[in-house]
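A short reminder: the numbers here are calculations on the coordinates, not readings from a lab. This one's a predicted model, so the numbers in the text were calculated from it and none came from an experiment. Positions of Cβ are backbone-derived with ideal geometry, glycine not excepted, and every protein chain shown enters the neighbour counts.
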Amino acid sequence: MGLLDRLSGLLGLKKKEVHVLCLGLDNSGKTTIINKLKPSNAQSQDIVPTIGFSIEKFKSSSLSFTVFDMSGQGRYRNLWEHYYKEGQAIIFVIDSSDRLRMVVAKEELDTLLNHPDIKHRRIPILFFANKMDLRDAVTSVKVSQLLCLENIKDKPWHICASDAIKGEGLQEGVDWLQDQIQAVKT
Amino acid sequence: MAAASSSDSDSGRAESNEASSKWLDAHYDPMANIHTFSSCLALADLHGDGEYKLVVGDLGPSGQHPRLKVLKGPTVLTESPLPALPAAAATFLMEQHEPRTPALALASGPCVYVYKNLRPYFKFSLPQLPPNPLEQDLWNQAKEDRIDPLTLKEMLEGIREKAEVPLSVQSLRFLQLELSEMEAFVSQHKSRSIKRQTVITTMTTLKKNLADEDAVSCLVLGTENKELLVLDPEAFTILAKMSLPSVPVFLEVSGQFDVEFRLAAACRNGNVYILRRDSKHPKYCIELSAQPVGLVRVHKVLVVGSTQESLHGFTHKGKKLWTVQMPAAILTMNLLEQRSRGLQAVMAGLANGEVRIYHDKALLNVIRTPDAVTSLCFGRYGREDNTLIITTRGGGLIIKILKRTAVFVEAGGVVGPPPAQAMKLSVPRKTRLYVDQTLREREAGTAMHRTFQTDLYLLRLQAARAYVRALESSLNPVSVMAREPLKLHAVAQKPSRRVGHTLQLLWPVPCLRQAPRSRAGHARSRLGTFLPRTGGALTAMVQGLGPTFKLTLHLQNTSAARPILGLLVCFLYNEVLYALPRAFFKVPLLVPGLIYPLETFVESLSDKGISDIIKVLVLREGQSAPLLSAHINMPVSEGLAAA
């Protein structure tokens with residue numbers, strides 16, 4: 001860590017790096033959200049189901065995010081816990097139109113919150129109630145009820161209604177996440 | 001009996017409480033209005049979009065309005081009426097072309113309706129059967145108006161009862177009609193030639209020539225005229241025809257049609273027939289002791305549920321492997337296949353609202369539902385593998401999702417015979433003496449029994465005589481003389497100096513009486529347990545630890561009305577061992593029915609821990625023979641030993 005690095009950091013030229021985990025069931029829109037947050041020239045056109053995980057980078061106004069975009073398929077979900085230690089924040093994506101699998105999302109969230117690497121850390125969690133554009137989508141309030149988010153007492157959390165295809169609601173969530181991470185750091 | 005109890009203890013272990021349940025409750029709608037059986041449920045990716053849909057051949061609330069329903073998630077996507085009650089639903093791939101969306105086949109009446117992309121695609125009808133010539137003749141006569149409807153009805157009824165070839169649907173419907181409707185029916189139908197078609201009872205799919213998951217499959221149909229048909233997946237021609245001795249109701253197939261396959265058909269005569277590729281007739285037959293209610297193949301084991309509330313496992317050659325008893329009648333069965341863990345198990349829906357999951361004989365899990373389960377289906381639904389769909393008798397729909405982390409474990413060592421059965425008994429060698437003795441027993445069995453009976457009667461006689469003697473000499477605490485009906489009950493108690501005082505403060509009397517009695521034991525005269533019908537009764541009780549005991553006699557006048565006056569109580573004891581303040585005293589007037597407690601203290605004099613018997617006699621003034629007597633076994637004085 002040279003003097004130059006610190007100097008550039010102070011001047012705001014070099015942004016602080018944070019590691020974020022992006023979790024959620026398969027087909028909830030994790031990769032689409034991350035893709036939409038990247039600069040428009042780096043966005044890919046077609047999104048395919050993620051295998052294993054992929055690492056993506058994007059910048060907000062004051063932070064540089066490194067996102068672990070985990071696959072949500074059932075057989076890859078046991079990979080998640082290996083990255084809990086590194087994560088400084090969690091983005092949890094929910095398909096608001098999939099009423100049937102809301103219990104599965106809740107189950108995975110409960111497993112996440114009770115994991116020893118997460119349980120005692122004050123790690124910010126951002127929820128995206130995604131796919132708001134679909135006709136049978138439920139509201140973000142209903143999603144937070146179904147997932148019993150009010151029971152999370154020891155971690156800052158926030159839920160955003162989003163439509164990843166159009167990019168609605170994403171910036172609001174990322175701004176909240178940035179504030180939280182900076183609040184923890186200072 | 002043993003099987004039943006072991007399965008009960010099984011259920012206790014395999015049954016998990018809400019919190020640690022293996023299942024997530026995704027959806028429950030008690031008013032979903034779905035009335036169907038397991039055979040009419042199918043799961044498939046009908047649109048090729050990765051979202052698996054549920055196909056339901058719905059019988060309607062009272063079997064009146066059959067419908068084909070397709071569900072996506074908890075909601076009904078499409079619904080269309082069916083011409084007849086559905087018998088079975090299946091999904092299968094018809095051809096190799098892309099996109100590989102499966103077709104839906106629904107067997108109903110004599111037809112199989114095939115849908116692609118949820119649009120009607122093809123209707124296969126079973127081939128026509130030759131009609132009964134007599135019936136044909138009758139309708140021909142009706143056509144030429146040579147016969148009136150009433151005679152036609154009578155003639156047809158005659159045919160129905162006797163002929164080997166059953167009547168056509170047209171004639172059967174005619175026989176159901178009222179007199180007024182007959183004329184119109186005949187004039188409407190007489191010009192049509194009569195057709196006889198059988199109906200489909202069951203349907204399943206069989207891979208054509210590849211064992212792959214997404215290989216082209218043939219439809220296999222079971223019909224009411226005891227035949228099995230295999231249909232070509234593209235042309236819907238009959239590829240093979242097999243005949244059975246009875247009507248098939250459940251089918252289970254493995255293998256490929258072009259290579260080798262095995263077909264098991266559970267039939268209405270209570271037998272399961274097993275056929276192979278080359279056999280036109282059954283190769284093996286499993287005779288069940290009851291009617292089958294379900295047939296599921298788990299790997300190589302055929303599991304049959306029977307009306308005797310049990311599951312049976314058979315090999316594909318018909319050898320019986322095991323039987324498990326259920327707590328209630330089986331209503332439906334289906335296969336549970338968890339591909340990620342390579343598990344196959346049988347689910348059985350029971351009349352008591354349980355769904356039991358068995359892997360061979362071992363109970364893996366019990367799911368309780370609010371209503372009796374009529375159909376079960378497990379597989380990929382929506383985007384979730386391992387989804388269980390349950391419909392109930394009241395038309396409810398339950399969707400449960402197996403947790404990702406859930407592992408089915410067999411409930412401990414209850415599998416197989418109990419461990420005691422495997423233990424080797426040390427059977428003694430057959431000695432010469434043993435053999436001789438056995439032979440003698442075999443030859444002279446009657447004589448031996450007689451000798452034994454004689455001895456037994458002698459013993460009983462002696463016991464009765466001793467009892468009578470005891471009664472006559474008043475050696476008992478219950479008087480038998482009608483003039484002095486009395487009952488004595490004696491209790492000895494020690495007012496303990498060390499413990500008793502505090503106890504008395506803390507607890508009122510009943511506890512004080514209880515505590516020492518349990519330690520020192522009370523000596524209730526054994527004869528005192530004889531119940532009096534008339535006369536008096538005596539019970540004696542000793543309480544305390546020693547050296548001072550309290551002896552309480554309970555004396556009761558058991559006569560109905562007459563009081564007793566002038567009785568005496570006398571104690572006979574060893575004066576070296578015991579000291580009593582009053583060894584002889586008068587009894588007050590005894591009112592009928594009341595129990596009089598007569599207390600006296602007994603001081604144990606010996607410090608050697610010896611105890612003796614104290615005799616209690618109840619006498620009448622002026623008579624030497626006692627009315628009642630009791631022997632009190634005094635306890636050893638523990639107070640002395642402690643001091």
Practice item. In nm, give the distance between the simple-model label positions of B:Gln462 and B:Ala579, each being 7 Å from the Cα along the Cα-to-Cβ direction. Key: 4.4
Point to revise | Within straight-line cross-link reach of A:Lys166, lysines at Cα separation under 17 Å, skipping those fewer than 8 residues along the same chain | key: A:Lys30, A:Lys36, A:Lys38, A:Lys131
Revision key, fill the gap. Residue-ordered couplings for segment B:142-147, obtained by feeding phi - 60° into the Karplus form 6.51 cos²θ - 1.76 cosθ + 1.60 and rounding to whole Hz (Gly and Pro as x), are 5, 5, 8, 6, 8, 9
Practice item. Count charges around B:Val169 for me, please; just the other residues with Cβ under 10 Å from its Cβ, Lys/Arg as +1, Asp/Glu as -1. Key: +3
Review point. Between B:Arg119 and B:Thr405, what is the FRET efficiency for a Förster distance of 41 Å, r being their Cβ-Cβ separation, to the nearest 0.05?
Key: 0.50
Review point. Once fully extended, how much extra length lies between B:Ser62 and B:Ser473, figured as 0.36 nm per residue of separation less the alpha-carbon to alpha-carbon distance?
Key: 139.7 nm
Review point. Setting aside same-chain residues fewer than 8 positions from B:Lys195, which lysines have a Cα under 28 Å from its Cα?
Key: B:Lys123, B:Lys143, B:Lys153, B:Lys162, B:Lys226, B:Lys241, B:Lys280
Study note, to complete from the structure: Output field shielding_mean for A:96-109 (other chain Cβ, 10 Å radius) holds 5
Review point. Which of the pairs B:Lys300/B:Lys320; B:Lys361/B:Lys403; A:Lys59/A:Lys119; B:Lys22/B:Lys207 have their Cα atoms more than 21 Å apart in this structure?
Key: B:Lys361/B:Lys403; A:Lys59/A:Lys119; B:Lys22/B:Lys207
Check your understanding: Can you list the lysines whose alpha carbon sits under 24 Å from that of B:Lys615, skipping same-chain ones fewer than 8 residues off?
Key -> B:Lys487, B:Lys494, B:Lys550, B:Lys586
Practice item. Would you mind classifying the protein assembly as shown by shape? Square roots of the alpha carbon gyration tensor eigenvalues, ordered a ≥ b ≥ c; an a/c under 1.5 is rounded, otherwise it is prolate if a/b is larger than b/c and oblate if not. Key: oblate
Review point. Separation between the B:Thr438 and B:Glu234 pseudo-spin-labels, each 7 Å from Cα along Cα→Cβ, expressed in nm?
Key: 7.3
Check your understanding: Relative contact order of chain A: what whole-number percent is it, with Cα pairs under 8 angstrom and at least 6 residues apart?
Key -> 23
Check your understanding: What is the antiparallel percent of DSSP beta bridges lying wholly in segment A:12-182, to the nearest 5?
Key -> 25
Practice item. Arrange the following residues from fewest to most other Cβ atoms within 10 Å of their Cβ: B:Lys53, B:Lys586. Key: B:Lys586, B:Lys53
Practice item. Calculate, in nm to one decimal, what B:Leu565 and B:Ala328 gain on full extension: separation in residues at 0.36 nm each, minus their alpha carbon distance. Key: 78.5 nm
Revision key, fill the gap. With DSSP loop assignment and no more than 10 other C-beta atoms within 10 Å, the trypsin sites (Lys or Arg not before Pro) in segment B:592-623 are B:Lys608
**Study point:** Cβ-based exposure ranking for A:Ser28, B:Ser559, A:Ser64, in which fewest neighbours within 10 Å come first
**Key:** A:Ser64, B:Ser559, A:Ser28
Exercise for review: Give me B:Ser217, B:Ser624, B:Ser243, A:Ser61 ranked fewest to most by other Cβ atoms within 10 Å of their Cβ, as a rough exposure proxy.
Suggested key: B:Ser624, A:Ser61, B:Ser243, B:Ser217
Practice item. Sticking with the crude label model, points 7 Å out along Cα→Cβ, report the distance from A:Tyr83 to B:Asp45 in nm, one decimal please. Key: 2.4
